Structure formats: C-alpha cells, structure tokens
Amino acid sequence: MSLGTVTPILRMFDETLTRAFYVDFLGFKVDWEHRFEGNFPLYTQVSKDGCLLHLSGHFGDCAPGAAIRIATSDVDAYQAELIAKEYKHARPGVAEVPWGGREMTIIDPSGNRLTFFNREPEISA
C-alpha cells in the first residue's frame, strides 16, 4: 500500500482574475475546464511542473482562504521570475523562516495563501 500525491481544491470567485493570477502571473497552464452547463460555475485543473491544483467556483467544494505549501527547487529564482512580470496585485518577497529554509507567500484573488518553499535535498541511503 502506498499513498499518492495530494491535489488541493481551492475556491475561486472571479474566473478572469483567477486565470490571470495562476496562468499569466504564476506560470501555470490550464489542463482542462468543466462546467455542468453553460452558465454553471467553472471547475478546472491548472499545473506547473509536478504541481497540480484544482480551482472551483462551486459553493461547498471548499472554503475560501485556504493555505497550501508548494515545494520548489529554487524559491529565489521563482521569486525573481515573478517580480520581472510586474504583476500589479503582488510583489512577493522571500524570507528566512525560523524553522529553517526560505519561503515566499502569495495570496490569490480569492484569499487563498500559497507558500512556496525550497524543497529539502533528497538524502541517499
């Protein structure tokens, strides 16, 4: 028996702002979108490298204001990439944290908190 990866579901309110944030700013791509009918809320998957996120406009799927942590290979390089985009809603900084490592936290348009951190190097046996 083994466990697989976790795919968080994050609430979204404004599809246009959410797409601009995740795709244009953070560099994710849209993998697929689903609506039960034409005027129903959007449920979509976005991804970047090995990170998958589901974004939902449906009431009850999840609560706004979630907090997730996403491992990166180089949080400083990602921060520099984001700053260069001059996104008007965020200028994320990287900080040393008391428990060790460096982190960058960004709030999405629906109040969800994404914390990117340097992945620990793998220890060989």
Candidate set: region 47-60, residues that are in contact with a strand residue (DSSP E or B) (Cβ under 8 Å, 6 or more places away or on another chain) and assigned to a loop (DSSP other than H, G, I, E, B); chosen: the one nearest to ARG19 (Cα to Cα): GLY57
Pairs needed: first member in region 90-110, on the phi > 0 side of the Ramachandran plot and in contact (Cβ under 8 Å) with a residue 12 or more places away in the chain; second member anywhere, among the polar types (S, T, N, Q) and assigned to a strand (DSSP E or B); C-beta distance under 8 Å; at least 6 residues apart or different chains. GLY101/ASN118
For the subset of region 105-125 comprising residues that are closer than 21 Å to LEU10 by Cα and touching a Gly at 6+ places or on another chain (Cβ under 7 Å), which member is surrounded by the fewest Cβ atoms within 10 Å (Cβ to Cβ)? GLY111
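Scanning for something among the hydroxyl-bearing types (Ser, Thr, Tyr), at pLDDT 95 or above and over 16 Å from VAL6 (Cβ atoms), does region 42-49 turn up at least one residue?
Yes, region 42-49 contains a residue that is among the hydroxyl-bearing types (Ser, Thr, Tyr), at pLDDT 95 or above and over 16 Å from VAL6 (Cβ atoms).
Are any residues in region 54-81 closer than 29 Å to PHE40 by Cα and among the aromatic types (Phe, Trp, Tyr), and if so, which ones? First the steps, then the outcome.
Residues of region 54-81 closer than 29 Å to PHE40 by Cα: 54-68.
If the condition is that a residue be closer than 29 Å to PHE40 by Cα and among the aromatic types (Phe, Trp, Tyr), then PHE59 is the only one that fits.
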Exactly one of THR44, THR7, THR16 is closer than 23 Å to ILE83 by Cα and of a type in the set (S, T, N, Q), and that one is THR16
Within region 76-89, track down each residue that is under 13 Å from LEU26 (Cβ atoms), outside any loop (DSSP other than H, G, I, E, B) and touching a residue at least 24 places away in the same chain (Cβ under 8 Å). TYR78, GLN79, GLU81, LEU82
When only residues in region 6-25 that are in contact with a strand residue (DSSP E or B) (Cβ under 7 Å, 6 or more places away or on another chain) and either outside any strand (DSSP E or B) or of a type outside the set (Val, Ile, Thr) (or both) count, which is farthest from HIS89 (Cα to Cα)? THR7
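Give ALA63, ALA95, ALA71 a once-over and let me know the one that is under 12 Å from the mean Cα position of the chain (by Cα), outside any helix (DSSP H, G or I) and loosely packed, with under 15 Cβ neighbours inside 10 Å.
On the way: ALA63 fails: under 12 Å from the mean Cα position of the chain (by Cα); ALA95 fails: under 12 Å from the mean Cα position of the chain (by Cα).
Criteria check complete, one pass: ALA71.
The values are calculated or read from the model by the stated rules, or taken from the named source; none is laboratory data. On a predicted model such as this, the values are computed, not experimentally measured, just so you know. Every residue, glycine as well, gets a Cβ built from its backbone with ideal geometry; the counts of neighbours run over all protein chains shown.
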